[in-house]
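This report refers to the structure that appears directly beneath it.
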Amino acid sequence: MSEREKIYIFDTTLRDGEQSPGAAMNVEEKIQIAHQLAKLNVDVIEAGFPISSPGDFEAVKRIAEEIKGPEICGLARAVEEDIVTCWEAIKGAEKPRIHTFIGTSDIHIQGQLRKSRDEVLRMAAEAVRLARSLCPKVEFSPMDATRTDREYLIDVILAAIEAGASVINIPDTVGYALPDEFADLIAFVRERIPDHVIISVHCHDDLGMATANSLAAIKAGARQVECTINGLGERAGNAALEEIVMAIRTRHDYFDRFYTEINTKEIYNTSRLVSRCTGFEVPPNKAIVGANAFAHSSGVHQDGVLKDRRTFEIMNPQDIGIPATKFVLTPRSGRKALKHKLSELGYELTDEQLEKVYQRFLKLADKKKEVHEADLEAIMRDEFKAIPETYRLESIQVMSGSGLIPTATVTLRRGDQLIRDSATGDGPVDATYKAIDRITGLSVELTDYSIRAVTSGKDAIGEVTVRIKNGGRTFVGHGASTDIIEASAKAYVDAINKMIYMTGNA
Ligand SMILES: [Zn+2]
């Protein structure tokens, strides 16, 4: 058994993330985010680039003074003025860190700095030495490392270590590297520097490789990952913190001895806060934190998740703090709030119906103080238990499979009459609903279909909830069965019976 090794999480949302065009935040917002990052339990917060503006200086200074727990880091170019200003901003921190950098690829040395390799090496060493004379912890980055000559890269890194740097960050500044070659570079550096020096990586997502490169680097010897919430950052952004952390956690079989100390239950809250402060929406399909990251819409996937969550879900949404839908009304809730909640549940009531439900709700709320969704469903079931079963599902037969057009034959009972019809559809549920429509002759629009497992295992009971619309009103139906098609048909018929009862048209 190998010993467990911690991967340090260095969050740069407030520095690199803030450099995303249009993501500028004010001081209060930055402080709020820093508090949340501390709750998330990141190891290092890169709070800003103090020389870049008075506002940034102020934000870094206040974060350094207020935030306890993580190290507070400031960024500085490898020049005296930057380093001194950076130290002024972070010196109030419990655990301060100066991060200094200089471009080391020929493109940067000649094109941007207009210096020689020797001059750049000397500047790096002097900068680290100065930083180290002020601050006990210094991190050095050879910018554009992935396009830097390897032998020269090692010379600069060794000079920085000699001058007192204890963390060496290897940035893929332009997002150019691929996982294999980046891992190879990290292994190359690891072999040539002393063991006590921590290798960090900082990957950009220009080719969509930021997370993959960072994870490959861990296997090759990196022990700190620089990343941002929601993958925010310059251009296409940085490696996303949530992806790095959840990949290590979810694939502990692969990353066997590695772990992070991130409190994953705060991931979702942090993502929401950063999105609110920057005004950058999280794309619905974003890994881990996107709105659809845990939504299952295809029938096959719903079927799988229903039988066993693990069939199509590799993570538990609760582990990253996605809230279970919470719903509470109190005795002070008025008719309007009740009406709103009922319509969220799919019940559109007339004023008269609402008044009856409201009186019952008040009685219950006085007794219980808090009325939950399940209580409200119970009231509705009881209040409308007299809903006559205009139609009742008698039998259902579905043919589907590869190469077959899904066909459903449904038999409904109406009074003592049995009515049978068949239809084809895009899938077995669609075919079933079309067959039911042919029998009832009603025009209804299906607006929502969802399925959830009530029990788990091979004989799981699935509960289907549907919402249908007719003449501007919505009706909700439930159906439960071990067979998904049957549960779906029951839910649909249930909604139709409600519609017939409440609108009086059949
Ligand atoms: Zn960057």
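Solvent-accessible area per residue in the range 5-278 equals 38 Å², computed with a 1.4 angstrom probe and all protein chains kept. Of all beta bridges that DSSP places with both ends in the chain, some 50 percent have antiparallel geometry. Partner lysines whose Cα lies under 23 Å from the Cα of Lys95, excluding those fewer than 8 positions away in the same chain, are identified as Lys6, Lys30, Lys39, Lys61, Lys68, Lys137.
I'd like the FRET efficiency for Glu80 and Lys336, computed as 1/(1 + (r/R0)^6) with the beta carbon distance as r and R0 of 45 Å, rounded to 0.05.
Computed FRET efficiency for Glu80 and Lys336: 0.10.
One compactness figure for the chain is 1.28, namely its Cα radius of gyration divided by 2.2 N^0.38 Å. If you bin all the Cα-Cα distances of the range 5-278 at 5 Å, starting from zero, the percentages per bin are 1, 6, 14, 18, 21, 19, 13, 6, 2, 0.
Under a 5 Å amide H cut-off, with hydrogens placed 1.01 Å from N, Ser20 pairs with Gly233, Glu234 among residues at least 5 apart or on other chains. The simple spin-label model puts a point 7 Å past each Cα toward its Cβ; for Ala236 and Arg117 those points are separated by 2.9 nm. In the context of the full set of protein chains, the range 392-503 has a per residue accessible area of 50 Å² (1.4 Å probe).
Based on the Stokes-Einstein relation at 4 °C and a viscosity of 1.567 mPa s, and on the Kirkwood radius from alpha carbon pairs, the range 392-503 is assigned a translational diffusion coefficient of 91 µm²/s.
Distances between placed amide hydrogens fall under 5 Å for Cys203 paired with Asp172, Glu226, Ala239, all partners being 5 or more residues away or on another chain. Counting only aspartates and glutamates at least 8 places from Lys219 when in the same chain, those with an alpha carbon closer than 14 Å to its own are Glu5, Asp180, Glu181, Asp184, Glu191, Asp253, Asp256. Per-atom-type breakdown for the chain gives carbon and sulfur 49% of the accessible area (1.4 Å probe, protein chains only). Between Glu383 and Asn285, the contour length at 0.36 nm per residue exceeds the Cα-Cα span by 31.2 nm. Entry note, the chain: relative contact order of 10 percent, from Cα contacts under 8 Å with a spacing of 6+ residues. Which chymotrypsin sites (Phe, Trp or Tyr not before Pro) from the range 223-259 combine a DSSP loop assignment with at most 12 other Cβ atoms within 10 Å? Counting only loop positions with at most 12 other Cβ atoms within 10 Å, the chymotrypsin sites (Phe, Trp or Tyr not before Pro) in the range 223-259 are Tyr254.
Every Cα-Cα pair in the range 328-383 was counted, and those over 19 Å apart are 12% of them. Note on Arg251 and Val27: their simple-model spin labels are 4.3 nm apart, each label 7 Å out from Cα toward Cβ.
Placing +1 on each Lys and Arg Cβ and -1 on each Asp and Glu Cβ, with no other charges, gives the range 392-503 a dipole about its Cα centre of roughly 280 debye. For the range 5-278, a simple Cβ point-charge model (Lys and Arg +1, Asp and Glu -1, everything else neutral) yields a dipole of about 460 debye relative to the Cα centre.
The values are calculated or read from the model by the stated rules, or taken from the named source; none is laboratory data. This is a predicted model, so every value here is computed, not measured. Note: ideal-geometry Cβ built from the backbone for every residue, glycine included; neighbour counts use all protein chains shown. Surface accessibility is based on the protein's heavy atoms, side chains included, excluding ligands, DNA and RNA. Shrake-Rupley method; radii C 1.70, N 1.55, O 1.52, S 1.80 Å.
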